[in-house]
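The structure appears below as structure tokens.
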Amino acid sequence: MRGAVWGELLFTADTLADLECYRERNWGKGAVARALELCIEAVCEL
């Protein structure tokens, strides 16, 4: 699509949108595997 030969994926699981109710989420380590699966599936569909 559009001749792109390179892409980049940025992953984040924390938010600082509400500093008063911040909950540490272990930097999203529990969601990395699932996020990677979804990205690989998306790339395979291209």
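The values are calculated or read from the model by the stated rules, or taken from the named source; none is laboratory data. Predicted model only: the values in this text are computed from it and were never measured. Counting neighbours? That spans all protein chains shown, and the Cβs are built from the backbone with ideal geometry, glycine included.
Quick notes
- Boolean, R2 is exposed (fewer than 10 other Cβ atoms within 10 Å of the Cβ), at pLDDT below 80 and basic (K, R): yes
- Checking region 23-30 against the condition returns a match, with at least one residue being within 17 Å of the chain's Cα centre (by Cα), assigned to a loop (DSSP other than H, G, I, E, B), surrounded by 10 or more Cβ atoms within 10 Å (Cβ to Cβ) and at pLDDT below 75.
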